[in-house]
Every structure is written in C-alpha cells, then in structure tokens.
Amino acid sequence: MNADFHPYAWTLWLAAGMTAVLVTRNPLYLIILLLAAGFLYAVLLRRAGQSTDAAHSQPLAWRVIVRLAFFLWGFAILFNALTVHVGQHILFSFPAAWPIIGGSITLEAIIYGFVTGLNFVSLILLFAIYNSVLGPHTILRMIPGFAYQTGVAISIAISFAPQTVIAWSEIREAQRLRGHKVKGLRDTWPLFVSLLGYGLDRAIQLAESMDARGFGGRILPASPRQTWLIRLGTIAGLLLLLAGLIVKSYYRSLPWAGLGLLAGGALLMGLSLWRGGRRVQRTRYRRWLWRPRDTVLALGSALLLVAALLLSWLFPQALFYYPYPPYDILPAFHPLLGLLFILPLLPAFLLPPPTSENLP
C-alpha cells in the first residue's frame, strides 16, 4: 500500500500527527484528531477487505492492537477515578477505610484519566496506520545507513505484534479444522507451542534472507582522520544538545539561546551520523515515485507540524488543559485550531481507488 503515497510523505504525516498529540492536552482537539485518524483507518480497513494482495492486509493485522488500546483507555479512566480523590465535583464516595480506592470519586479524576487515555489511543492509532500502509520492509529501507543494525531491531519489533496476531488466527483455524476444542487453560498449551515454533521459523528465515542479500556486509573502511572527526563531531553535538537543554530549563529568560544550542547540536550530530552512514553501501532496485498527491499530503502535514510546534513554543496556553482546580473544568476551543487537527484526515481523500488486479 505504500505505492499509494511516498513513504517519506507518510513519515511526515506520522511526525505531524504524533507532535500534535504530544503537545496538547485539550480533549476537544484530541477527539477531533482521533476521529480523523479513525476515519482514515476505517478507509484502510475497507480497502484491505476488498483486496487480495498481502501488502494491503496489514490494517487487518493491527486491528487487534487498536482494540487493545481502547480497552486500556477504559482501564486508565477507571484506575485514575478510583485512585485519585481530588476535585470539587464529587460524584459519589467509597468508605474511607477501603485501601487505595476509599474516598471521593470526582469528575475531575475521570476527565483526567479520559484525557490521558485519549493521548495514548491517538498515538497507537497513528502508529498502527503508519505501519499498516508501509510495513517493516519499507521502514527498514528508510533507516539511515549509520543505523542499519538498529533498523533491523526496529523492523522486527514492529512486525512482531501483527505477525503474531496473524499466526494466532491461522493456528486457531487449523486447530478448528482438526476438531480441536479449547475447554480450559491446559488445552491452550499446543497453541502456544505452535506459536513459538512459528516465531522461531520466521526469525531464521529473516536472518537467512538478509544474509543472502548481503545486508550490512558492504561497509567501506574509514581512515583514522575520518574516524576521529566522526567521534569528535558526535561528542560535540551531544554536548551542545545538553547545553541547550540546560539553558532552556534553567535560563528561561534566554529562550532563543537554548533553541540555538539545540539546533546547533542536532545539526552537528546529523552531519557526523550522515558522514558515518556514507560508509554503508546500499543497492536501490526500485526507486519510489513522488506524485502530486504526495506534495499535498506533505504540505498539509508540514502545516500541522509547524503550527503545533509554534503553538507549544509561543502560545502554550492555547493547547493547555488541566481539569483540577484552580483551572476551569471546561476546555477552551478555537474553531481554527479545530480545523488544524483535521489535517490527518487528508490521506483518506487523496487515496487512489483500488486497482482492478487487487480486487477479488
């Protein structure tokens, strides 16, 4: 499905969506973003149900993860309501003698748990959409050369959950066809044994295929001068980042100085890592195409990303929300900001219709 949009356009979409979720606690804006991402995910699920191509079946594999995130959302609301007994709007009370949950159950505690779970579910849904449309192989290809070993671990970690869900469904279906019925916990042991065997076989196949393609095998040697330049650049970049964090945290009267140090450290680190990554030789068999719809998606995502960062830096009160006193329990809402949080919905309108060869 990554042929529908350029992978870098999807990456910018993910960065913009996650930044918008992380910089705001306002539940109204988060609900708008969650509805937009949920509509997009529903479109991807519908396309996956109509397609027979394995590359389009990733959204179905992430469906269980999304359902688990919504379950944890409800648990976060319940846990916060039962353990935090602070607030002015008391709904009811448990006996004070009860450990942990004893005390008043307040509306503020429920709302705070709701907002916390809303942040969590929004991040999981954005992450599920991103991995559904790209997949671990495309993400591995986008990993810079200097981090190829980390890229392998990331791709395996990303593919573990959906592949486990798919394997679980296949094993359960095979057991049903053979007349196996699960009557208790002891009867699930053959299922876990088969699932473990499937995971080991998949790990061996992945290692053999990567070794056959020479992954990480073509690394050019570096001269002592290049090695020392890369090391010194990395150390200097880390020191500048540390200095920028210190200035930003303890010298709030100099915000631009901290920002400048952070930008300089990030630039120096990026140059050092880029220089080290040039030693890793890669072969490109097929280049990705950048289409007009990728430009539209990139511009919309960049608008959301820049706006979220500027608001969090210059006007943090516009995205701030805290239900406990002395703050107002009703969140503020600005229509223009609400329209801004609809931008993650763009791919749903820009997606091309499914090709005829992918339809059943």
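The values are calculated or read from the model by the stated rules, or taken from the named source; none is laboratory data. Small disclaimer: the values here were computed from a predicted structure and weren't measured. Quick reminder, even Gly has a Cβ in these numbers, built from the backbone with ideal geometry, and neighbours come from all protein chains shown.
Here's the yes/no breakdown for (1) over 30 Å from Thr11 (Cα atoms); (2) surrounded by fewer than 20 Cβ atoms within 10 Å (Cβ to Cβ):
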residue	(1), (2)
Thr83	yes, yes
Phe92	yes, yes
Ala97	yes, yes
Ile105	yes, yes
Thr116	no, yes
Pro136	no, no
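So which residues in region 8-25 are farther than 19 Å from His137 by Cβ, surrounded by fewer than 24 Cβ atoms within 10 Å (Cβ to Cβ) and among the polar types (S, T, N, Q), if there are any at all?
Thr19
For region 8-30, give me each residue that is in a helix (DSSP H, G or I) and more than 17 Å from the chain's Cα centre (by Cα).
Pro27, Leu28, Tyr29
Of the residues in region 127-149, how many are β-branched (Val, Ile, Thr) and modelled with pLDDT under 75?
1
Among the residues that make up region 237-251, is at least one of them loosely packed, with under 13 Cβ neighbours inside 10 Å, in a loop (DSSP other than H, G, I, E, B) and at pLDDT 75 or above?
yes
Taking Val152, is it at pLDDT below 75, touching a helix residue (DSSP H, G or I) at 6+ places or on another chain (Cβ under 8 Å), assigned to a helix (DSSP H, G or I) and at negative phi?
Yes; evaluated as a whole, the condition is true for this residue.
Inside region 121-138, can you point out the residues that are closer than 18 Å to Asp4 by Cβ, in contact (Cβ under 8 Å) with a residue 60 or more places away in the chain and assigned to a helix (DSSP H, G or I)?
Result: Leu126, Ala128, Ile129, Tyr130, Asn131, Ser132, Val133, Leu134, Thr138.
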